Amino acid sequence: MTEITPILMPKWGLSMQEGKLTDWHIKEGDEVSVGDEIMDVETDKITNVVEAADGGTVRRIVGTAGEVYPVRALLAVMAPSSVSDADIEAYVNAYEMPANDTEDEDTGPAYHFVDLPVGKIRYSEQTGDKADQTPIVLIHGFGGDLDNWLFNIDALAEHAPVYAIDLPGHGQSVKSVDPQDPAIFTQTLLDFMDHCDITRAHLVGHSMGGLVAGATALDHPDRVASLTLICSAGLGEDINADYIDGFVNATGRKDLKPVLTHLFYNQSLVSRAMVQDLLKYKRLDGVQDFLTKLSAAAFNAGKQARIIADDLAALDLPITVIWGENDAIIPASHAENLKRVTPHVLGSAGHMVQMEHAGEVNKIIASAIS
């Protein structure tokens, strides 16, 4: 029945196959609005809150807190009071979960690799049914990777094709590069766009990725349709040098976990899996030397080395600025440094605002590119 709306186990990222329903924030009989927090889900990457994509009356809770469910499993049902209990029961009993690999077969492998002049680069691609729209390219920050966009890729793909890359030296991309050349990131981004036949793109950059996006727009404005800068580097000198040094120098879980808590307002989001994944990355050949050189070049003497706020303000280009009010890495006050832009500063959010308030960030980006 079209009046019945299912609540399903979400799919965060192309590689997610299942999730643990850790807690409900709703109960039967509740009225839910779009954007309301309805449940917490834990994956092998992170635990996060799920926001309602649709509104309605909760008629049946099917999923049990503490249980693990495959992606797209039925967890609850919403419907107006005009729908009978018998119809709800029939819907629940008849629900058939789509095959786990149906969508993956359509979208291809979870990750792709391409050989560029700098070396091998990992990326993900989600085209959805908006292949005719100007693409979005997501650019992560210092020490991050494309999984930093776990809660954004699928939602943004409802509006345009979405690409996310691992910058050189990061994630599963090439490590044997010299980060002291600042053009290494912007040129890689342009080479990647050329490989994917992307003439112009909406660039969305987080932290250091915002600096990369902004620098690309300054050097090649014809390739950029819009800029969205999230907790961006390059808009002011201040940087949490203790975080940078702590991240670079951490060698074990006890060293790294306290450092990572600076990234989030909700520090419980720093899971064991997140710490282990980053430790694996930091132990790869070439990574320690790369991060040491990059931090020295980009964050010299505890300050950001390159400031592009004034140059960006002079660009004839749509620019959106998003910040977490409680950012402990780059002060939220930097959001005011692009004088012609009114920033979106979100409360109860830290440096990883695109994870902590994914729904709101996705709406802002979607509005910015429309």
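Tell me yes or no: at least one residue of region 222-232 is assigned by TED's automatic domain parsing to the domain that holds L346 and over 27 Å from H195 (Cα atoms). Checked against the condition, which is being assigned by TED's automatic domain parsing to the domain that holds L346 and over 27 Å from H195 (Cα atoms), region 222-232 yields at least one hit.
Somewhere in region 46-66, is a residue small (G, A, S), crowded, with 17+ Cβ neighbours inside 10 Å, outside any loop (DSSP other than H, G, I, E, B) and not assigned by TED's automatic domain parsing to the domain that holds S271? Within region 46-66 (the criterion being small (G, A, S), crowded, with 17+ Cβ neighbours inside 10 Å, outside any loop (DSSP other than H, G, I, E, B) and not assigned by TED's automatic domain parsing to the domain that holds S271), the answer is yes, since at least one residue qualifies. Inside region 67-96, can you point out the residues that are part of a strand (DSSP E or B) and of a type outside the set (G, A, S)? V68, Y69, P70, L74, L75, V77, M78 - these are the residues of region 67-96 that are part of a strand (DSSP E or B) and of a type outside the set (G, A, S).
Among the criteria (1) surrounded by fewer than 19 Cβ atoms within 10 Å (Cβ to Cβ); (2) over 23 Å from the mean Cα position of the chain (by Cα); (3) in contact (Cβ under 8 Å) with a residue 60 or more places away in the chain, the one G35 does not fulfil is (2).
For region 330-359, filtered to residues that are in a helix (DSSP H, G or I) and touching a Leu at 6+ places or on another chain (Cβ under 6 Å), the residue that is most open to solvent (accessible area, probe 1.4 Å) is N337.
Exactly one residue among F192, F151 is more than 17 Å from W12 (Cα to Cα), in contact (Cβ under 8 Å) with a residue 12 or more places away in the chain and of a type outside the set (K, R), and that residue is F192. Of the residues making up region 268-280, those that are assigned to a helix (DSSP H, G or I) and buried (at least 18 other Cβ atoms within 10 Å of the Cβ) are L269, M274, V275, L278.
One line per residue, one yes/no per condition, for (1) open to solvent by 20 Å² or more (accessible area, probe 1.4 Å); (2) at pLDDT 95 or above; (3) basic (K, R):
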position	(1), (2), (3)
Y91	yes, no, no
D104	yes, no, no
R122	no, yes, yes
T127	yes, no, no
T134	yes, yes, no
G141	no, yes, no
L146	no, yes, no
E158	yes, no, no
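Of the strands (runs of 3 or more DSSP E) lying entirely inside region 109-201, those containing at least 2 residues that are closer than 30 Å to V259 by Cα and among the hydrophobic types (A, V, I, L, M, F, W, C) span 136-139, 162-165. For the residues A335, A313, A301, the requirement of being out of contact with any helix residue (DSSP H, G or I) (no Cβ under 8 Å at 6 or more places or on another chain) and farther than 30 Å from A366 by Cα singles out A301. Against the numbered list (1) outside any loop (DSSP other than H, G, I, E, B); (2) open to solvent by 30 Å² or more (accessible area, probe 1.4 Å); (3) among the hydroxyl-bearing types (S, T, Y), Y265 comes up short only at (1).
The values are calculated or read from the model by the stated rules, or taken from the named source; none is laboratory data. Just so it is clear, the model here is predicted, and its values are computed rather than measured. Note that each Cβ is placed from the backbone with ideal geometry, even for glycine, and that neighbours are counted across all protein chains shown. Accessible surface is based on the protein model in full, side chains and every heavy atom, while ligands, DNA and RNA are left aside. Shrake-Rupley method; radii C 1.70, N 1.55, O 1.52, S 1.80 Å.
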